[in-house]
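Heads up, the thing below is written out as structure tokens.
Bear in mind these aren't lab numbers, they're just calculated from the coordinates by the rules spelled out. Because the structure is a prediction, the values reported are computed rather than measured. Note that we place each Cβ from the backbone using ideal geometry, even for glycine, and neighbour counts take in every protein chain shown.
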Amino acid sequence: MPIRAIVREIPGTFQQATVANPPETPISVHRAKEQHRAYVCALRDAGVDVKVLPADDGFPDCCFVEDCALLVEGTALITNIGIASRRGEESAVAAALQKEVRLEVMAMPATLDGGDCLVIGRRIYVGVYNRTNAEGLMRVREVFEPMGYTVVPVPLRSGLHLKSACSYADNGKILLAENTIPRDVFRDVEILTVPSEEAYAANCVSLAPKVLISDGYPATRRMIEAAGFEVTALDVSEIRKADGALTCLSVFIRS
Ligand code: CIR
């Protein structure tokens, strides 16, 4: 079965997306929509079966579906996003997933963003910081440890999400932005170090043999190509202005 993905269109209200710092120039919603369409095309070109959910203008961040669910081997833990303004986005994602996988939920005080979760083999790394709390981490343990997964907490000190600093390329290789997470957190992987000046490029989408990366990061591109992957680079300038990156835009069903 091909890899399937759920994505959600960019809402007309995208300029009101949550941001840590306002962008230097305002988000162009038109360009964001074009960039999102190019992202969907790149997924389809890589053989992914993509379901596109309509946007909801009531949720300016609704395109960042990754945060709504942690999906591992036929089970989706529907999250309680760690910022109040985004709570409610998960309903449409849960509705789209319910025919495909088993659903689990989480309730307050547990909060968790999917962007804080990195699954590699039978390990689930969970970044604990401003969006994901100890109770959210505990809920991940309750749901996935009985399935044979080891849950590894990763205390974060900065950045939005765990996957702002690292992501899985495939074949046991991860991208890790320099001077972010200690390297010894990760077991049994080869670390490809992304130089600090290209740190944003540490967030990639793994579709082996292809890897989607953000456009404009030549050193990272060369490193991933040298590691044997076929790179597609996408312009996500407007998505970035809303503190988003490539993985944030999808939930993958990989079984
Ligand atoms: C937020 O602050 O929640 C959104 N503006 C960006 C979320 C990006 N999601 C992700 O990295 N998984």
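Stokes-Einstein diffusion for the stretch 135-189, with the hydrodynamic radius set to the Kirkwood value over Cα pairs and evaluated at 10 °C in a medium of 1.306 mPa s, equals 125 µm²/s.
Each Lys and Arg contributes +1 and each Asp and Glu -1, all at the Cβ; summed about the Cα centre of the chain, the dipole is approximately 300 debye. Straight-line reach from K210: taking Cα to Cα under 22 Å and skipping same-chain neighbours fewer than 8 places apart, the lysines in range are K51, K163, K173. When the convex hull of its Cα atoms is viewed from all sides, the stretch 102-239 shows a mean projected area of 8.8 nm².
Let me have the 222 nm mean residue ellipticity of the chain computed from DSSP H runs of 4+ only, each contributing -39500 (n - 2.57), with the sum over all residues rounded to the nearest 500. Please report the intermediate quantities before stating the final value.
Details: 5 runs with 50 residues, N = 255.
Here the helix-only value at 222 nm equals -6000 deg cm²/dmol.
Based on Cα atoms of the chain, Rg over Rh with Rh as the Kirkwood radius reads 0.92. Relative protection proxy for 198-209, 219-230, 58-69, from highest mean packing down: 58-69, 198-209, 219-230 (other beta-carbon atoms within 10 angstrom).
Remark: C-alpha extents of the stretch 61-152 on the principal axes read 32, 32, 20 Å, sorted largest to smallest.
Of all trypsin sites (Lys or Arg not before Pro) in the stretch 5-106, which ones are in loop regions per DSSP and have a Cβ with at most 13 other Cβ atoms within 10 Å? Write down the numbers at each step before the final one.
Working: sites: R8, R31, K33, R37, R44, K51, R86, R87, K99, R102; in loops: R87, K99.
Loop-located and lightly packed - K99.
Scanning residues 5 or more positions from V154 or on other chains, those with amide H under 5 Å from its amide H are V126, G127, V128, with H placed 1.01 Å from N in the peptide plane. When the scattering of the stretch 11-99 is computed by the Debye formula from its Cα atoms alone, each counted once and equally, what is log10 I(q)/I(0) at q = 0.20 Å⁻¹? Result of the Debye calculation: -1.11.
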